[in-house]
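Visitor: Sharing a structure here in C-alpha cells format.
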Amino acid sequence: MAAASASNGGAQSSSLIVSFGEMLIDFVPTVSGVSLAEAPGFLKAPGGAPANVAIAVARLGGRAAFVGKLGDDEFGHMLAGILRENGVIGDGINFDRGARTALAFVTLRADGEREFMFYRNPSADMLLQPEELNLELIRSAKVFHFGSISLIVEPCRSAHLKAMEAAKEAGALLSYDPNLRLPLWPSPEEAREQILSIWNKADVIKISDVELEFLTGSDKIDDADALSLWHPNLKLLLVTLGEKGCRYYTKTFHGSVEAFHVQTVDTTGAGDSFVGALLCKMVDDQSVLEDEARLRDVLRFANACGAITTTKKGAIPALPTESDALKLLKDPK
C-alpha cells in the first residue's frame, strides 16, 4: 500500500531516530475512576508507544521518523496527520485497505489500576509485511527504537525482525522498550518468551518496575534482579520507578536518579516521554553512556520530561518541549 509522504523533507540526517511499531486510537472515559463498563462516554486520543516516542523526540527538537501501518480509514489518516503536524517524518507509514486502525479503550480505575480493552482482529498494524518496509529510511537511522507488541503475530513480527536487522547492519543503536500489554498476548508465558527473544539484540533497554517483576518473576526491585537481565551486548539498562525516579546500569557503573514531584493527572505516555528525551540527548553523542556524570544529567532531563507528561491528560498533548523541561530542571519547586 502507498506510503505517506514526509512532512519536512528527506531523512538523511545523521541524527535521525526511527521509531517502529504501532499507532492507534485510545478511547478514554469522560470521567475518572470508573471501569470501562461504567464509563458514561469516551474521548478519542492518539496513542501507541512507538508513535509517542517519535513525537516526544520531535517535540524536543530532535529528528524523528515513524515506521508502521495504519488502516486506510479516517482514524488512520488522522493519525498520520498528527505525526506530520508534530514534525515526524512519515515516509515509513503504510496504509492497509482491508483492516482498520487499532482501537484501545483504557481507563484508570478507582483502585489506581489501568484497565485495557483492545480492538485488533486483526488491526492494520498487525499486517505490516517485510516487503513494505522503507529500508532506506530505516538504514538512515542513528537510533532505531521499538517495542514488543509488533512481535505478537505474523506478518508484523517478521517485518519487525527485518527492520531491526537492517538498522543494526547500518550501524544504528537499537533501543528497546517492551511496553508490556498482557491482554494482547495469548498467555503471560508467550509474552515473556517473545519479549526476551530479541533481548540480546538491543543496545539500550528501558523497562518499568512492573516489567522487571514480570520478566524476572521476582516481587522485589533490586540491583541483583535488574542485573539478571543484563546481556553482553547491552550498553545501558534503565528501570523506571514512577514517582521514585529511575535506576541505570552500564558495564562499569550503576545508580539512581530521583524523580520530580508534580501534580499528576494522567501517567499515560510518561515512559515514552522519558525514552524520547533520553534518545534525543544521546543520538549525536553516544559517549554519554560511558560518562556517569553526563548520563545522570541526561536522566534528570528525561525524568523531568516524564514528570511533565503526567500533568495533563493524554500522552501526545502532554509531551513537553525542551524549554518546558529546562524550566522544571531550573525550578523543581
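Visitor: In whole Hz, with x marking every Gly and Pro, tabulate ³J(HN,Hα) for the range 194-202 from phi via Karplus 6.51 cos²θ - 1.76 cosθ + 1.60, θ = phi - 60°.
Guide: Result, rounded to whole Hz: 6, 4, 7, 5, 10, 4, 7, 8, 7.
Visitor: Under the rule of -39500 (n - 2.57) per DSSP H run of 4 or more residues, summed and divided by the residues of the chain, what mean residue ellipticity at 222 nm is obtained, to the nearest 500 deg cm²/dmol?
Guide: Using -39500 (n - 2.57) per qualifying helix, the result is -9500 deg cm²/dmol.
Visitor: Work out the charge dipole of the chain with +1 on the Cβ of Lys and Arg and -1 on the Cβ of Asp and Glu about the Cα centre, then indicate which of His145, Ala54, Ala159 is farthest towards its positive end.
Guide: Ala54
Visitor: Report the residue, chosen from Ala226, Ala141, Ala37, that carries the largest GNM mean-square fluctuation when the chain is represented by alpha-carbon nodes joined by springs under 10 Å.
Guide: Ala37
Visitor: Also: Please list Cys280, Cys246 in order of solvent-accessible area, largest first, computed with a 1.4 Å probe with all protein chains present. Please list the in-between numbers first.
Guide: Details: Cys280 30, Cys246 0 Å².
Descending order: Cys280, Cys246.
Visitor: Same structure, new question: From the protein chains alone at 1.4 Å, what is the descending order of accessible area for Leu60, Leu326, largest first?
Guide: Working: Leu60 20, Leu326 90 Å².
Heavy-atom accessible area, descending, gives Leu326, Leu60.
Visitor: Taking a temperature of 20 °C and a viscosity of 1.002 mPa s, what whole-number D in µm²/s does Stokes-Einstein yield for the range 28-90 with Rh from Kirkwood over alpha carbon pairs?
Guide: On the way: Rh = 13.2 Å.
In µm²/s, the coefficient rounds to 163.
Visitor: Sorted by accessible area with a 1.4 angstrom probe, largest first, how do Thr252, Thr309 fall? Write down the numbers at each step before the final one.
Guide: Details: Thr252 115, Thr309 0 Å².
The most accessible residue leads, giving Thr252, Thr309.
Visitor: So how exposed is Arg181, as accessible area in Å² (1.4 Å probe, rounded to 10)?
Guide: Taking all protein chains as shown, Arg181 has close to 50 Å².
Visitor: How big is D for the chain, in µm² s⁻¹ as a whole number, if Stokes-Einstein is applied with the Kirkwood radius of its Cα pairs at 25 °C and 0.890 mPa s? Present the calculation step by step, with values, prior to reporting the outcome.
Guide: Details: Rh = 19.7 Å.
For these conditions, the coefficient is 124 µm²/s.
Visitor: Ala64's amide H: which non-local residues (gap 5+, or another chain) put their own amide H closer than 5 Å, with H modeled 1.01 Å from N in plane and none for Pro or chain starts?
Guide: Ile17, Ile89
Visitor: Leaving out ligands, DNA and RNA but keeping every protein chain, what accessible area does His77 have, in Å² rounded to the nearest 10, with a 1.4 Å probe?
Guide: 90 Å²
Visitor: Between Ala99 and residues 5 or more places away or on another chain, which pairs have amide H atoms under 5 Å apart, with H built 1.01 Å from N, and which residues are they?
Guide: Residues meeting the criterion, in which the H sits 1.01 Å from N, are Asp72.
Visitor: For the range 289-333, build the convex hull from the C-alpha positions and give me its volume per residue in Å³. Write out the running numbers ahead of the final one.
Guide: Details: hull volume 3.4 nm³, N = 45.
About 75 Å³ per residue, rounded to a whole number.
Visitor: Compute, for the range 226-333, the length of the dipole vector about the Cα centre, with Cβ point charges of +1 (Lys, Arg) and -1 (Asp, Glu) only. Units Debye, rounded to 20.
Guide: 220 debye
Visitor: For the range 246-257, in order, what is each residue's ³J(HN,Hα) by Karplus, 6.51 cos²θ - 1.76 cosθ + 1.60 with θ = phi - 60°, in whole Hz (x at glycine and Pro)?
Guide: Those phi angles translate into 8, 10, 10, 9, 10, 5, 10, 7, 8, x, 9, 10 Hz.
The values are calculated or read from the model by the stated rules, or taken from the named source; none is laboratory data. This structure is a prediction, so every number in the text was calculated from the model and none was measured. A quick note on method: Cβ atoms are made from the backbone with ideal geometry, for glycine too, and the neighbour counts reach across all protein chains shown. For accessibility, only protein heavy atoms count, side chains too; no ligands or nucleic acids. Shrake-Rupley method; radii C 1.70, N 1.55, O 1.52, S 1.80 Å.
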